[in-house]
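Student: Okay, handing you the structure first.
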Amino acid sequence: MLKAGGTLLLSVVAPLPASANQILAVRVWPAPEYTRVTLENDTDLKTEHFLIPDPPRLVVDIDGLGLNPTLKSLVAKIESNDPYIKQVRVGQNRPNVVRLVFDLKAEVKPQVFTLAPVAGYQHRLIFDLYPVTPVDPIAAMIESGEWSTGPTKTVAAGTPALGDPVSGPPGATMPATVLPPSGAIGPGTAAAAAGGIVATTPPVQIPTPPPVAPRTQPNAAPDAIARLESAISGLQGTPPAQAVQPPPGRASARQPQKVARMVTIALDPGHGGEDPGAIGANGSREKDIVLEVAKRLKTKLEQLPNTRVMLTRDGDFFVPLNTRVQKARKVQADLFVSIHADAWVSPTARGSSVFVLSEKGASSSAARWLANDQNRADLVGGVNLAGGSADRQLASVLFDLSTTAQINDSLKLGKAVLREIGGINRLHKASVEQAGFAVLKAPDIPSILVETAFISNPQEEARLNDNGYQDQLANAITNGIRRYFADNPPMAKSRQT
């Protein structure tokens, strides 16, 4: 029996015989969005779980499991700042059955599932504890003070805005340096510093289109675009944007207005949590490096007027690929930039690359291999495939609507970023490559994947860990994004955010 007072009245018996299933490792990944608890074991485990409301607890019974020091260490792994778990208690509930009791800080919606062995992991039992009300990305950033609700922000005089003309750094007109098949060459002559950008115009000013008179036919059917927007809005769970009608007789008197709208950029540090990504010869983990680069990039982008940035993850936790795309769409991002560090079987491979989505197959065999490898992130990080079918259906419907415009814009963005990165590091390929990356499949957001360098190359691994090089990378990507917007000013949106 469980008592509410916080004491676990379970008889702790002697460990089961050596032939019993054994827990090999326990890991806890607290995050604002959800907390994950992982039990890695030598075989597939059978479990039952239930919730107790007052006080809130999650009870999990694991069949055929023996207590060992590794499993008992789970108690000490719960941190005081965990958003959802207050503490965990472990005991032998009855012969061959171990019981875990999670004392919760609030009600949760748990997902309990198992994962087959993959990427060096053995069998895993996963507990994902989600809040009853999902975390809203915009509300969370407003609450933390990282997201301005107004149209502009205070910046230093002369700070260039997205959409301003860009003068490239010295030497930027020269072709980017390309890695020849036979060996390595030095970086290009373009400056790697943050400077070299000249602002000659004020922030982006977007004219408001004149109001459209209402339809005179009361029963007129909406046009195809309106029906499509309505369908997409319904799938997303948000009401479609409604046209604002001017007061009668005043339409001709109104003058077009100019508004400076916010530009929203979604940055996606790859991997995280259970998925470390590629690991360098000296033990560097891709997930750590790309998170640091993304944070530096966020800081630099937010120094630009009318610019706000969302990170798909801001800590060491796993985010499924489709969820990364959904986060960007929820905040109506204008751009999506996924940041990674490449790896190859040979330690001599080196250079930076930029990828965009492809409708017709990969642009090279290496691009196809990389896309397939990155798309395995859900298998490594761990996704409950029994749930989320509606989300996958939504993603499929949206992707099938149209991708041509997105890919064209993504190529423009990719070329601008690749050009800037070529000034600080050799390029693995001279041009933007294409492949079927799952994380780039937002149909309405120009999206690129930046491979910052080869973490499998010892020299580039050292550079990726260098603060100066991380800062150069952030500068280069910022300059590339500004260059893209200088040639492709952001359009007005039907809904202002």
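The values are calculated or read from the model by the stated rules, or taken from the named source; none is laboratory data. What you see is a predicted model, and the numbers here were worked out from it, not measured in a lab. Neighbour counts are summed over all protein chains in view; Cβ atoms, including those assigned to glycine, are modelled from backbone coordinates with ideal geometry. Remember, those area values only see protein heavy atoms, side chains included, never the ligands or the DNA or RNA. Shrake-Rupley method; radii C 1.70, N 1.55, O 1.52, S 1.80 Å.
Student: Output ³J(HN,Hα) for region 100-106: one whole-Hz value per residue in order, computed from phi by the Karplus curve 6.51 cos²θ - 1.76 cosθ + 1.60 with θ = phi - 60°, and x for Gly and Pro.
Tutor: For region 100-106, the Karplus-derived couplings read 10, 10, 9, 7, 9, 8, 7 Hz, x marking Gly and Pro.
Student: Then there's this: Taking every pair of alpha-carbon atoms in region 59-122, give the share separated by more than 15 Å as a whole percent.
Tutor: 62 percent
Student: What aspartates and glutamates sit close enough to LYS105 to cross-link, taking a C-alpha to C-alpha distance under 13 Å and skipping anything fewer than 8 places away on the same chain?
Tutor: The qualifying aspartates and glutamates are ASP54, GLU79, ASP82.
Student: Could you tell me which of the pairs LYS330/LYS429; LYS287/LYS441; LYS109/LYS295 are separated by over 28 angstrom between their Cα atoms in the structure shown?
Tutor: LYS330/LYS429; LYS109/LYS295
Student: Give the long-range amide H neighbours of ASP334: residues separated by 5 or more places, or on another chain, with amide H under 5 Å away, using H modelled in the peptide plane at 1.01 Å from N.
Tutor: THR264, ILE265, ALA266
Student: Separate question: Can you list the aspartates and glutamates whose alpha carbon is less than 20 Å from that of LYS46, not counting same-chain residues fewer than 8 positions off?
Tutor: Excluding near neighbours in sequence, the set is ASP61, ASP63, ASP128.
Student: Follow-up. Please sort 69-80, 264-275 by packing, taking for each peptide the average over its residues of neighbouring beta carbons within 10 angstrom, highest first.
Tutor: Peptide ranking by packing, descending: 264-275, 69-80.
Student: Take the solvent-accessible surface of the protein heavy atoms, probe 1.4 Å, and return the percent of it on region 420-497 that carbon and sulfur atoms account for.
Tutor: Roughly 46 percent, rounded to a whole number.
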